[in-house]
Amino acid sequence: MKDITSYSTLYDKNFPEIKKNLTDLFMGKNRGGLGYVVPLFSREKKDIPYTEYKVVQDVVHQEKHWDNMIETRLDALDRRVWGHDWGIPMFKPQFHMYDVEAAAFGSTYTLKPVGTKPVCRTLDEIDKLPDVTIDTDPLSYALSFLKYTDGYIQGNLPIEMFPGNGPISVAGLVVDQTEILSSVYEQPEKLGEFLGRLTDLYISFFKKQRETVSNISLQPMHDTWWPQECGILCEDDTFVNLSPQSFEKFIVPVYNKISDAFGGFGIHCCGDYSHLFTAFRDNIKNLRAVWINAGENYFEKAVDVFRGTNTVIITRWLMSNTKPYKNRIDFVRDTLRTKTDDVSVFIQGHRLGPVAREQNLNIYGYEIMHMIEHYNQYGTVL
């Protein structure tokens, strides 16, 4: 494996101004500000060969592949151009596709058919589940991979947290998802207790990650560094299915406990969770950011709810659905036109999803950068 000195252009010491801008935005010191990541790629580095490795995705222990995993991802970061946007190179530590928390309880993941098979059919069966702690495999294994990676990188660039789902999503991976949703009405006390148990595990797992890694960013985003002062950015897709009343009853206490534990809270959920925006705004302590898929949530709804607050709307274009966009340029243009002076926005201008195929990744990237630079200088949209 290459020595870490081979990647000096990625070193964290090269990005203090960008980190300050991100801290000011996410900590509410620049209300109404605009941040953005727009990946561009170096033509000079396009022929750097990838290090090939094969990992069987539903097998946990892959130590023999760790060096190749690290080198492959650092080579990919080294192709990306840095400094023109607010992107910061960070190592992404995930080495499998299943959820480590659910797997620790005994749920199983398979590629064919793709998905996780819950270990419990009904909520009553959770009484038979083993006690799961951060010493339980595969949680302990994920932590050992983080420790190994940190030993190689030696703080020279941030390492993202090893990903895991929030409590309500893990609940639906451990117990049949339909049973979890029906228990909102049929077994509310038992569901509340289970969510509390999963919340405690979530907090201990990510606190241990913070202790293990010398330079960590507690988020799973694209090229977007998250200061530790912000707390943690949580991915928790399943709450999208809840009504505002159920959200306030079951999820608000959970998220506020997480926010208290880390000193702040951000959230990501796929799908349209705009019906819960007001509940988030009015009930979640230190809500730093809501991360949305612009094609699934109307950005206008987020602006209406969060304008005048310190909460940043992070928006990315995924597979357009509710509001279709022709391309990345159309997405960014619409976002800039909709943004108001009293709402903080962070645009993730990545090419994501099969609808986003492009012959040359840099063509749209340069045009988007030109559009953003013009907006910042003149306050108008090209």
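The values are calculated or read from the model by the stated rules, or taken from the named source; none is laboratory data. Given the structure is predicted, the values throughout are model-derived calculations rather than measurements. Every residue, glycine among them, receives a Cβ derived from its backbone with ideal geometry; neighbour counts consider all protein chains shown. Note: accessible area is taken over every heavy atom of the protein model, side chains too, but ligands, DNA and RNA are not part of it. Shrake-Rupley method; radii C 1.70, N 1.55, O 1.52, S 1.80 Å.
Here are a few things to note about the model shown:
- The C-beta contact set for segment 270-297 (first residue assigned to a helix (DSSP H, G or I), second residue of a type in the set (D, E, K, R) and open to solvent by 10 Å² or more (accessible area, probe 1.4 Å), distance under 8 angstrom, 6+ apart or interchain) comprises 274/301; 277/301; 279/248; 283/248.
- Only one entry of 289, 294 meets the criterion of being of a type in the set (A, V, I, L, M), in contact with a Leu (Cβ under 7 Å, 6 or more places away or on another chain) and at negative phi, and that entry is 289.
- Unmet criterion (only one of (1) under 18 Å from residue 206 (Cβ atoms); (2) touching a residue at least 24 places away in the same chain (Cβ under 8 Å); (3) open to solvent by 40 Å² or more (accessible area, probe 1.4 Å); (4) of a type in the set (D, E, K, R)) for residue 150: (3)
- Any hit, segment 282-301, residues being over 23 Å from the mean Cα position of the chain (by Cα) and either at pLDDT 95 or above or open to solvent by 30 Å² or more (accessible area, probe 1.4 Å) (or both): no
- The one condition from (1) open to solvent by less than 10 Å² (accessible area, probe 1.4 Å); (2) at pLDDT below 95; (3) hydroxyl-bearing (Ser, Thr, Tyr) that residue 141 does not meet is (1).
- Checked against the criteria, residue 323 counts as without any contact (Cβ under 8 Å) to a residue 60 or more places away in the chain and closer than 27 Å to residue 366 by Cα.
- Within the set 181, 191, 198, the sole residue that is in contact (Cβ under 8 Å) with a residue 60 or more places away in the chain and out of contact with any Leu (no Cβ under 9 Å at 6 or more places or on another chain) turns out to be 198.
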